[in-house]
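Q: Let me begin by handing over the structure; questions about it come next.
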Amino acid sequence: MGGVGEPGRGPAQPRAPLPTFRWEQIRPHNLPGDKWLVIERRVYDISRWAQRHPGGSRLIGHHGAEDATDAFHAFHQDLSFVRKFLQPLLIGELAPEEPSQDGPQNAQLVEDFRALRQAVKDMKMFEAKPAFFALLLGHILAMEVLAWLTIYLLGPGWVPSTIAALILVISQAQSWYLQHDLGHMSVFRKSQWNHVAQQFVMGQLKGFSAHWWNFRHFRHHAKPNIFYKDPDVTVAPVFLLGELSIEYGKKKRRYLPYNCQHLYFFLIGPPLLVLVNFEVENLAYVLMYMRWTDLLWAASFYARFFLSYIPFYGVPGALLLFVAVRVLESHWFVWITQMNHIPKEIGHEKHRDWASSQLAATCNVEHSLFIDWFSGHLNFQIEHHLFPTMPRHNYHRVAPLVKALCTKHGLSYEVKPFLTALVDIIRSLKKSGDIWLEAYLHQ
């Protein structure tokens, strides 16, 4: 659901009487070539159109045979515009006696969350402050210049090079956060402006494809911590997380010593995610989907970087600087993005309502001015997942309202100290490894 595209042709005419469906009739339509979904009690056949969905067929397909109302609201800004593209796909509506959500979901929680979302919208918390994001971009560009000036003025010695590398790491990490904001369309009111700005930040400042990131990241938001739907936790057979630990143990699968995964995590997790996994995955996506504009943006990053530093270091030295920055940046990225998710529930699809599914997969980290900056406000992961298009400078404002909603419905609203959150990543990996080992030895 990351945007809108050209509408497909559906069997229903706008003014034709709409047939009604029961959930038992909708449930079977969750196959690769046969997808229905429900939005605001209306039933849509997206089978042929899913491949043209701007957010990707997987993203919209993950909501097959479900009530996707809250996901629809979460991912789109201009709902009236998007509904025009849904109209040709409309095939009916839920029967009057049918509940709006299928399965044992908390209807009152769904209603209260939607009321909260409307209240937050009325409080203008979805409106961005241009000066805030201009300052973020300004300090990123300033650090890029400062890193180059450090080498230019002090020479390519070890001390200046170390300082320049650290400055570049900060710039790269902060660029991740800014492109993330733009990808969620939380900076500009017009989607196109967000897309263009994200391509600049992700391409020119980072060397990656904006489309690749959105294709990957939106699936994480749609179904967080759900195997085979969230790419962030679909990491087997390298790491085992959550329910997969027991499954691998019972089936006697041992591709790696998973009881030691909390140790080899330090060798292949934080150091290599951005440098190896992301680089390969990004290039494969660009070539497979022929995103040539993204490729040119990424090429401009590499041209700028190496033309800036080869005169000082030569090719081998500039390449070493690049690798050092990528490895350090990767550490920053992994620890910050995983401290809110890996320690939480990870498993197969439970078909929960939007609020419950997001809360089960996320937790917050205590905030301060430094932690807010250092984590790109991802320490407010609960608020970010409930309201992905909300500008991050408003997370602290909506947090008390979200906490009150959780208290009312007996839901966990977990907030951890920063260091505890980091250590919990290792604890969770060790726990999963121990569970695998016990199942492996005793089944």
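Q: Per 0.36 nm of contour for each residue apart, how much would the distance between Tyr289 and Glu40 grow if the chain were fully extended, relative to their Cα-Cα spacing?
A: Details: separation 249, 0.36 × 249 = 89.64 nm, distance 3.22 nm.
Here the answer is 86.4 nm.
Q: Which pairs, out of Lys251/Lys408; Lys251/Lys430; Lys84/Lys206; Lys35/Lys206; Lys206/Lys252, put more than 30 Å between their alpha-carbon atoms? Before the final figure, lay out the partial values.
A: Details: Lys251/Lys408 41 Å; Lys251/Lys430 20 Å; Lys84/Lys206 35 Å; Lys35/Lys206 36 Å; Lys206/Lys252 41 Å.
From Lys251/Lys408; Lys251/Lys430; Lys84/Lys206; Lys35/Lys206; Lys206/Lys252, over 30 Å: Lys251/Lys408; Lys84/Lys206; Lys35/Lys206; Lys206/Lys252.
Q: Specify the residue with the greatest mean-square fluctuation among Gly138, Gly207, Gly183, computed from a Gaussian network of the chain linking alpha-carbon atoms under 10 Å apart.
A: With Cα springs under 10 Å in the chain, the top fluctuation among Gly138, Gly207, Gly183 is at Gly138.
Q: Still on this structure, I have one more. Counting each pair of different Cα atoms once, what's the Kirkwood radius of the chain in Å, rounded to one decimal? Don't jump to the answer; show the numbers that get you there.
A: Working: mean 1/r = 0.0428 Å⁻¹.
Taking the inverse mean of 1/r over all distinct Cα pairs, the chain comes out at 23.4 Å.
Q: Related question: Run down the aspartates and glutamates and flag those whose C-alpha is under 19 Å from the C-alpha of Lys229, throwing out any fewer than 8 positions away in its chain.
A: Asp34, Glu66, Asp67, Asp70, Glu243, Glu247, Glu281, Glu345, Glu349, Asp353
Q: Return, for the Cα atoms of region 43-91, the radius of gyration and Dmax in Å, separated by a comma.
A: Here Rg and the maximum Cα pair distance are 10.2, 24 Å.
Q: Once both axes come from the Cα atoms, what is the angle between helix 107-122 and the longest principal axis of the chain, in degrees from 0 to 90, rounded to 10?
A: That helix lies at roughly 60 degrees to the long axis.
Q: Further question on the same structure: For the chain, take the longest principal axis of its alpha carbons; what is the angle in degrees between that and the long axis of helix 158-183, to the nearest 10 within 0 to 90?
A: It works out to around 20 degrees.
Q: How many angstrom separate the Cα center of region 135-207 from the Cα center of region 273-343?
A: Distance between centres, Cα-based: 12 Å.
Q: Between Leu272 and Ser300, with labels modelled 7 Å along Cα→Cβ, what's the label distance in nm to one decimal, could you check?
A: So the two model labels end up 3.3 nm from each other.
Q: Roughly what angle does helix 292-338 make with the longest principal axis of the chain, taking Cα atoms, 0 to 90 degrees, to the nearest 10?
A: That works out to roughly 50 degrees.
Q: Could you sort Glu97, Glu281 by accessible area so the largest value comes first, with the probe set to 1.4 Å? Provide the component values of the computation, followed by the final result.
A: Details: Glu97 120, Glu281 60 Å².
Result of the area sort, largest leading: Glu97, Glu281.
Q: A follow-up question, please. Tell me which residues come under 5 Å, amide H to amide H, from Val43 once H is placed; ignore anything under 5 positions away on its chain.
A: Residues meeting the criterion, in which the H sits 1.01 Å from N, are Ile91, Gly92, Glu93, Leu94.
Q: For Asp122 and Glu349, calculate 0.36 nm times their separation in residues minus their Cα-Cα distance, and state this gained length in nm to one decimal.
A: Values: separation 227, 0.36 × 227 = 81.72 nm, distance 3.29 nm.
Stretched fully, the Asp122-Glu349 segment lengthens by 78.4 nm.
Q: Taking 0.36 nm per intervening residue step and subtracting the Cα-Cα distance, what contour gain separates Leu401 from Val423 on full extension? Walk me through the intermediate numbers first.
A: Details: separation 22, 0.36 × 22 = 7.92 nm, distance 2.84 nm.
Residue separation times 0.36 nm, minus the Cα-Cα distance, leaves 5.1 nm.
Q: Also, quick follow-up: Let's test the formula: R0 of 30 Å, r as the Cβ-Cβ distance of Val323 and Asp434. What FRET efficiency results, to the nearest 0.05? Could you put the intermediate results ahead of the total?
A: Numbers: r = 34 Å, r/R0 = 1.14.
So, using R0 = 30 Å, E works out to roughly 0.30.
Q: What shape does region 318-443 take by its C-alpha gyration tensor, where a ≥ b ≥ c are the square roots of the eigenvalues and a/c under 1.5 counts as rounded, a/b above b/c as prolate, and the rest as oblate? Provide the component values of the computation, followed by the final result.
A: Details: a/c = 2.06, a/b = 1.04, b/c = 1.98.
It comes out oblate by the Cα gyration axes.
The values are calculated or read from the model by the stated rules, or taken from the named source; none is laboratory data. These figures come from a predicted structure and were not determined experimentally. All Cβ positions, glycine included, derive from the backbone under ideal geometry; neighbour counts span all protein chains shown. SASA here: full protein model, heavy atoms, side chains in, ligands and nucleic acids out. Shrake-Rupley method; radii C 1.70, N 1.55, O 1.52, S 1.80 Å.
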